[in-house]
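Asks: Before I ask anything, let me first share the structure, which is written out below as structure tokens.
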Amino acid sequence: MLELQHVSFEVNEEGNGKEILRDISLTIPDGNLTVITGPNGGGKSTLAKLIAGIIRPTSGKILFDGEDITETSITDRAKKGIGFAFQQPVRFKGIQVFDLIRLATGTKLSTVDACKYLSAVGLCARDYINREVNASLSGGELKRIEIATILAKASKLSVFDEPEAGIDLWSFQNLIEVFEDMRKKIQDSSILIISHQERILNIADEIVVIKDGQLEATGPAKEIMPKLAGTASSVKGCGKGLPKEKEETEC
């Protein structure tokens, strides 16, 4: 279980402090898929980076399974069971997909087992297992490969920062199916997704709303979704769930 206790985060701009998050107290329970949503610029991605250990809070505490990890590095948090998927996946020139998945498990993974993780995210294993993780891969392909590494790592808490960013409609639908499958299988682990897309909100167990750096609402999805009616960024029909700039071109 992840707990945030009175967490705030401030940056210094031209000698002046700017508060990005203010007094966030939140519990992410085990066995659930939780979605953090809210307006752009509200602090959602900053919160994800605080949880992953990329940045440190200005004040407050972060606890994981009862242990204070506020000052723990991103590497040590990964060892404790926190997996993080970036909004823009990192490309690794010279590293093959198989190497990336094997590194995620920390074991001498066989090619057959690595292929199972690729198949789970809708990729034809024989076409990708020996591919280099570089610019030859599309945004959607990189997203799914990154999710395959999260699956391989079997994290206690898997955090996904706006997984829909920069991908096409087909890849987005595939990601939804992957998350639905992950949701069915979680038991004492948990999934945390940062998103404002309606189709991702629809598969959540719990929804957290962050607005202007503050916690505006939190609770079961069936209670929070009616309050969000009409505020999700996705549109009805063709292009639903796509980034805004692609909605027209894909319809």
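The values are calculated or read from the model by the stated rules, or taken from the named source; none is laboratory data. All of these numbers come straight from a predicted model, not from anything done at the bench. Heads up, the Cβs are rebuilt from the backbone with ideal geometry, glycines too, and the neighbour counts pull from every protein chain shown.
Asks: Spot the failing condition for Lys184; the list is (1) of a type outside the set (Asp, Glu); (2) part of a helix (DSSP H, G or I); (3) at pLDDT 85 or above, and only one is missed.
Replies: (3)
Asks: Is it the case that some residue within segment 13-23 is in a loop (DSSP other than H, G, I, E, B) and either within 16 Å of the chain's Cα centre (by Cα) or among the aliphatic types (A, V, I, L, M) (or both)?
Replies: no
Asks: So which helices (runs of 4 or more DSSP H) are wholly in segment 47-130 and hold at least 2 residues that are β-branched (Val, Ile, Thr)?
Replies: Result: 74-80, 97-105, 111-120.
Asks: Go through segment 141-165 and count every residue that is in a loop (DSSP other than H, G, I, E, B), at pLDDT 85 or above and within 26 Å of Asn40 (Cα to Cα).
Replies: Here the count works out to 1.
Asks: Another question about this same structure. Kindly evaluate Gly53 against the criterion of being of a type in the set (Gly, Ala, Ser), free of Cβ contacts under 8 Å to residues at least 60 places away in the same chain and over 24 Å from Gly106 (Cα atoms).
Replies: The answer is no for Gly53.
Asks: So, one more: Exactly one of these conditions fails for Lys143: (1) surrounded by fewer than 21 Cβ atoms within 10 Å (Cβ to Cβ); (2) closer than 19 Å to Ser195 by Cα; (3) free of Cβ contacts under 8 Å to residues at least 60 places away in the same chain. Give me its number.
Replies: Among (1) surrounded by fewer than 21 Cβ atoms within 10 Å (Cβ to Cβ); (2) closer than 19 Å to Ser195 by Cα; (3) free of Cβ contacts under 8 Å to residues at least 60 places away in the same chain, the lone unmet condition for Lys143 is (1).
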